Structure formats: structure tokens, C-alpha cells
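What follows is a single structure, written as C-alpha cells, with notes after it.
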Amino acid sequence: MLVLACVPFLIQRSVTASTCTQDDLTPQEKRGKQIYVIGGGSESNDILAYVGDSSIEVPGSALPCAGCHGLSGKGKPESGVIPSDLTWEALTKPYGVTHPNGRKHPPYTVRALELAITRGLDPAGNKLLAVMPRYQMSSTDLADLIAYLKRIGETKERGVADDAINIGVIVPAAGPLSSLGEAVKATTSALFAEVNKEGGIYNRKINLKFVETSESKEATAKNVRRFIEDQQIFAMASAFTAGAESEVSSLMNELQVPLVGPLTLKPEIGHPLNRYVFYLVSGLDDQARALVNYFARNSNDLKNGAVILLPEGGSFETVVNALVDQCRRVGCGSMEKASYVREPFDGAALALSISRLNRNAVFFLGSNSEALSLFKEAAKLQWVPTLYFPGGLGANDVYDAPPVFNNKLVISLPSSPSDQSAQAIQEFRGVAAQYNLPKNHVASQLMAYSAAKILVEGLKQSGKDLSAANLIAALERLNEFRTGLIPPVTYGPNRRLGSRGAYVVVVDLDKKTLVQAGSWIKVE
Amino acid sequence: MKVSFAVVIFNLLLWPSYGVVINRDGAPGYATFREANSISTLKTSHQPAQKRSRVGGKVRYACPMHPEVTGRQGGRCRKCGMALRPYKTETTAASIPTDPATSLGDPEKTVAVRNIPDVLVTDQNGRRFHFRSDLIAGKVVAINFIFTTCTTICPPLTATFRRVQQELETNGNDVQLISVSVDPSTDTPERLHDFAAKFKAGPGWTFVTGDKDDIDSILQALGVAVADKNDHTPMVLIGNDAVGYWTRTYGLASPLAITKQISIAKTAR
């Protein structure tokens, strides 16, 4: 009788709860959700799972509930195994449940559910399917998990309503980069306004919201976290994070917010993969590899090898490794590493010591001003090596290099005007005119515009039933997707960098222009 | 290695529906071979392993639904009333092989099991192997089929395999365990490494990925190729390459059932 008495109470609870959204999860329900999704409880109490005849013990994290029953609780059938529907409504059907294999039982109660989880028995005392593990967990963890099970299936995806999707963009704070921030805001607003004008995506309008970076990377991460939670952000399109790239991308992973197109020279694409962050174009490492390929193909002096010249104390480890590794792969002679002191920088001494290494190719990882000083001192010594700059040289002062370096400065770029289709440029110009977009920071505008277009494509491909998991799956299906503004992007289960490779561009000092040398160099 | 009659009998009685024997010439009972490809029939089929009695084994009759009920020819089950069917009991693994003449199988079906391709594959540590010559040739092996993004049956399959490995270790392990990824384009060695680590896979257990075409050729040869990876069978293939003995068992069965099949394979001649 006691058992029966519980049921109306539980049903009543679930009805009152059904008006809530995920945000209303109590702390206990949130802890329960964590157990459900990742199989981990409070740190002091490990959760263990027992499979088969109970002789198999594995950590709960190897067999979390969500693995079989899905984030929605409805179950993910696979290879003939049909996991039960765990939504509270299904578990507590007043007339009980009859499973496809004929197993019948009365409605679940809290106590019955505890027995199912810990002993593998349904309310009728039947054994559950052998693949359903028995879990050993503390009574607190068990109570938390059951509290969440009463709510599973009612919870909605953060930032997704029937008529709206909340999308966020990270822009630079007021300060030296504020005009860049304004340009990016204007471009993304214009694109999403166009999307909304056409009826949105599955009748959902895009609510675009902006958050600014802060004075430190920790403060930026904190800002972004508060922004996502307070503003209920579903996904992000482009991010200018000013040094907080790493913090922001781990935040996306933690909060499960897909981010398309963060602007960075150091995309984090290694193992373990951050599934939530999708990059558009190659960073320094892949560009360095493309430059090595170019060097190996075009230099007639491979036997002398090359020098990698880098400032002391910077974080150039991965790019140096990429240069050395790629050189080994394509066979371009030996790579010698040399570093120099930045403060004070002595261009004359550096040029002298490097010229004595007798190499005619230098991969340079320092700054613009250091490079210019080096050119001038090298020219005085009549030492004119070919200089390679992974990731390019910013600003126009590269044209101030001594004339002897004409066609000797080789730069990599992750995208070039040759990627741009007439149609896409026409569309962008149309939008720019209509929304009166700023005339500066056009390259950044194109990146932000491309990121937003890729996100829109992902949202469309996700279908009406939108969730972060569906969006990620849809983005992973993009293959050679053309924005018409940047190289075509391809993602996959192990791939988060849209286009891997670079263009190589040679500096023509006479005409003060950049000349693209050959076609796209692919890096795999 | 010697296996007592009792062990074999116990095994046959306990798991009549799971052990499907492919003889040294590679000819299985056709019906049982088919059953092994479908888990629903694997789970519900209560047919004894051998449909027909064999020379060398004493013939008994058992209920197809209740293998513990045995009796004489023409008898009926006291539990369900079904007619008892012929059922072999006293035999050793060595005498199990089917007489090709009476086999219901099409020999072509199983030639593939012997023609395991010697393609280059990569393990969870990034090492390269030749699949047949390095991992199978001359060994007793147990092979299951997984992919790392499969969250419903692969974790329990792998946990079961881990338990099998522990059982084997206590008996001085000389069995090669292999988990072949059915989604090689996604399953990089790093992913396999993490997956293996999650289940504490020990040495002697190789997770295999590689070029999709190569892996597909392995799956074809082992008779487990499916169009959709989500339909892959939760099956363990157990083989003794030295004598050409292969058998299949249900991968979500108890670890004990699998180790039994492995010990039978070990003693096969």
C-alpha cells in the first residue's frame, strides 16, 4: 500500500514540473543529470557498474545511463537491443508497461526504480535485460539520479524556443580593437537579419546577442560563461577572444555550446578532440607545413637545408615541430633551429650570426619589426636568403624591405581572393550596401560572415528537432561546403578544422603587391 | 591441452543456442550459421547446437525449448509438451566437425572464414600489423566487433571481453583478443586507445582499425559485414587458426560462456 500511495504524489510532481525548462533544474537535479550523462557522482563516491552475471565491474563512466537511454531518456536502439523509455511519464503509466519482448510490470515507484538501478529488477521482480548494468552508488547519488529521472524529457535545449534560437558572438571590448568589434557586430547582425527576413530557420528567428572580451583571459572566460547562462545561448558564431582562445574553447566544451569560427592562429584540433569548437581555416602549424611543401618543391638548394629562426620565450613549440616534421616527410634537407633575444633586439648581430650558418632559406617566427630590421642588416651583409613567414606578415610595412628581397619574401595565407566566388562577393556587397557595413576590417568581416553562414547551414541541416548534439552531427556532415568567401570547409567526427592547407604568396616589392604562387597547398 | 568430457557437456547444455560450430573444412551447419547473424534468433533460439547426431557421440533427445529436459526418441517435454529432438551429448570438440556430406551448409559460405585477408591494420597504439599473419596465424583468437561512438552495446560487449581477458589471465593467457572497429574512418588509433583504456584492456588485446576498404575486407571474410554500422552483430568469433576451427558465440553472453568456447577452441584438433 505504501508503494501505491507514492504514485499519485509522484505523478503530481511531474505535472507541476512539466511547465519548467532546463534552467529550473534544482541543484539536486543538476547533480542527477551529471550522473545520468557521464556516469560520475560526487568525487568522493565512485559509481560502479556491474554487467552480465555481475562479475564484470567497470566504472560508471564507462556505462553512463545516457549511453543507451539517450539524453532524451527515450532510448537508443542498437543491434537489436531496445533500451527502455525512461521518461517519468513512461515509467509511471498507471496501467504499467508491456515491453516488446513480453515482459510486463506495474508502474515504477521511487523504490522500484532504486531496485532497477541497483539490482536489475523491474517492479514485477523480473530481471531486466542482461545489458542493463547494476549500479553501485551512494544513496545521495541515487536520490540525485532519481530526482533527475523525474524531469528527464521535460527539459528543453538551452536557448531554443519554438519560435527563436539564441546565438551569441564574442567581440573585442572597447579599446584599440573596438572598431573591429563594431565591424563584426554589424556584419553578423546583417546576415542574421537577412535569415530572419526569409522566415528564420524552421520558423525560428535568430536572436543575436553579443558579449565583449575583458581585460584578462580569466575575466573574459567568466564574462562568456555568465553571458551563456544568463542569455541562454544555444550556439556561437565567430569569436574574437584576444588571447583567451583556450579558456573559451574549454568553456564551450563544458557548457556544451557549439562554436563555429573562432578567430585564432592556434586552433586546438589535437587529441582529445574538443567536439564543440569548429574552426574555419588553418592556423600557424598547418600554414607552416604548406610553406615547407612549397620550399621543398621550389628551392634549388635543398641540400643546404633551412634555419628556423624564433624569438626566445615564445610559445612556438608546435609550429617548430610542424616545420621539422613536415620537412622530414617531404625531404627538404636539415632544419636548424636558432633563437634570438627580443629585448633588446640586435638585428645586426642576428643577421651576422645567421648568415654564417650558410643557409639560404629562413623560416621566421618573429614580429614584423624584427623581420624588417633583419632584412636591412642582411642586405648590408649582402646576404639575401629567401625568408618564409608562416601565418603571414601583418600590415603594409613589409613593402619597406630592401629591394634586393624582391620575390624573396614568401608568406602563407589561409585563404585568398581566389576562394571568392563572384556570386558570394556580390551577395556580400549587396548586404554591405543595404546594412551600411563599415568599410574597414573587411577580412575579419568576411571571416565572421563565413562563420555565420556555416552555422546557418548546420542549423538548417539539423532539422526541426534542434539540439546541440544534432547541430554537431550536422556540422560533421559538411563536406566541401562552399561559402564562396573562404576555402571550402569539411568537418567530420575527428575533424574540426574546416580547410587544412594554405596559399603561398610572394611579395613583389617593385609593384608593392602580393603575388599568389601556385594553387592551394593541401595539408593532411 | 585436455578438456574433460564434463566441461564440454556442461557447455553444450548451458549454451546450446550460442555455440555454432564451423568445422575444420570450414563447413558449418547452414541454419546455425544464419542464426548467428541475427541476434534476435540468437537470443530466442533454443535449438541444440547440433541439429543432427554425429558419429562418435551418444545420441540423446532433448526439448528444443528446455534443453535440461532430456529423454528418449519420440518423447515429449514434461514442461511444454514439445517433441524431443535428437541431441548429441558425449563428444569432444575434436569430434564435433560436421561430415561435409550431411552438412546443411553451402561450403562457399565459409571458405571466406579461411580466407582472412592479410591487410595492414593499425592498433590502439599506432603500431602497424598484418592482420592475418601477425594476429591470427597459428593462434587461438577471440574477435569481437565494436566502434567507439557506439554507446549502447559496445560498452557491455567490451566490458564482457575485459572480464574474459581476466579469466584467461588466471589460466596463463595465450589467447589473442581482437576488437575490430566496424567504423574505421572515425576510429583513429587515439580513439581506440581511449576506448581500450576506459575498459582497462590489458596486453594481448589488440584493437584494430585501418583503411576502410581493408577493414571491410576483414569483416567480409569473417562474415560480419553490415551496411549500417549500427546493425553490427554483438558476436564473438572464436578461432584456432592452427587447426582451422572457428566458432561463434553471443558477445553479450556471460564471460564464462565465452571462456568455455575458447577452451574448446584451444583443444580443437
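The values are calculated or read from the model by the stated rules, or taken from the named source; none is laboratory data. This one's a predicted model, so the numbers in the text were calculated from it and none came from an experiment. No Cβ is skipped: glycine too gets one built from the backbone with ideal geometry, and neighbour counts run over all protein chains shown.
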Every residue from the stretch A:122-163 that is of a type outside the set (Ser, Thr, Tyr), farther than 18 Å from A:TYR108 by Cβ and not in a loop (DSSP other than H, G, I, E, B): A:GLN136, A:ASP141, A:VAL160
Residue ID - surrounded by the fewest Cβ atoms within 10 Å (Cβ to Cβ), chosen from residues in the stretch B:150-173 that are at the interface with chain A (Cβ under 7 Å from one of its Cβ atoms) and either hydroxyl-bearing (Ser, Thr, Tyr) or within 22 Å of B:ALA221 (Cβ to Cβ) (or both): B:THR151
Matching residues in the stretch A:224-242 - criterion: being touching a residue at least 12 places away in the same chain (Cβ under 8 Å) and either among the aromatic types (Phe, Trp, Tyr) or surrounded by fewer than 18 Cβ atoms within 10 Å (Cβ to Cβ) (or both): A:ARG225, A:PHE227, A:GLU229, A:GLN231, A:PHE234, A:PHE240
Any chance A:GLY41 is of a type outside the set (A, V, I, L, M) and at pLDDT 75 or above: no
Residues of the stretch A:474-513 satisfying the condition of being in contact with a strand residue (DSSP E or B) (Cβ under 7 Å, 6 or more places away or on another chain), farther than 15 Å from A:VAL281 by Cβ and away from every other protein chain (no Cβ under 14 Å): A:LEU475, A:VAL506, A:VAL507, A:ASP508
Enumeration of residues in the stretch A:58-86 that are within 8 Å of another protein chain (Cβ to nearest Cβ) and either polar (S, T, N, Q) or at positive phi (or both): A:SER61, A:SER79, A:GLY80
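Okay, residues lined up against (1) closer than 14 Å to B:LEU157 by Cβ; (2) surrounded by fewer than 20 Cβ atoms within 10 Å (Cβ to Cβ):
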residue: B:ALA221; (1), (2): no, yes
residue: B:VAL226; (1), (2): no, yes
residue: B:THR233; (1), (2): yes, no
residue: B:ALA242; (1), (2): no, yes
residue: B:TRP246; (1), (2): no, no
residue: B:TYR250; (1), (2): yes, no
residue: B:ALA253; (1), (2): yes, no
residue: B:GLN261; (1), (2): no, no
residue: B:ARG269; (1), (2): no, yes
Criterion (of a type outside the set (Gly, Ala, Ser), at negative phi and assigned to a helix (DSSP H, G or I)) met by exactly one of A:ARG342, A:ARG289, A:ARG275: A:ARG289
Selection within the stretch A:79-137 - under 30 Å from B:VAL226 (Cα atoms) and charged (D, E, K, R): A:ASP85, A:ARG103
Some residue of the stretch B:174-186 being modelled with pLDDT under 90, farther than 17 Å from B:VAL119 by Cβ and more than 9 Å from chain A (Cβ to nearest Cβ): yes
The lone exception for A:SER238 - which of (1) out of contact with any strand residue (DSSP E or B) (no Cβ under 6 Å at 6 or more places or on another chain); (2) under 24 Å from A:SER462 (Cα atoms) it fails: (1)
Every pair of residues 6+ apart whose Cβ atoms lie under 9 Å, when the first sits in the stretch A:507-522 and is under 10 Å from A:ASN406 (Cα atoms) while the second is assigned to a strand (DSSP E or B) and hydrophobic (A, V, I, L, M, F, W, C): A:VAL507/A:LEU409; A:VAL507/A:VAL410; A:VAL507/A:ILE411; A:VAL507/A:LEU514; A:VAL507/A:VAL515; A:ASP508/A:LEU514; A:ASP508/A:VAL515; A:LEU509/A:LEU409
Within the stretch A:87-107, considering residues that are in contact (Cβ under 8 Å) with a residue 60 or more places away in the chain and surrounded by 22 or more Cβ atoms within 10 Å (Cβ to Cβ), the one farthest from the other protein chains (Cβ to nearest Cβ): A:THR92
Residue selected from the stretch A:353-376 under the condition under 15 Å from A:LEU310 (Cβ atoms) and assigned to a helix (DSSP H, G or I), by the criterion farthest from the chain's Cα centre (by Cα): A:SER353
Filter pass, A:SER178 being at pLDDT below 95, more than 12 Å from A:VAL456 (Cα to Cα) and in contact with a helix residue (DSSP H, G or I) (Cβ under 7 Å, 6 or more places away or on another chain): no
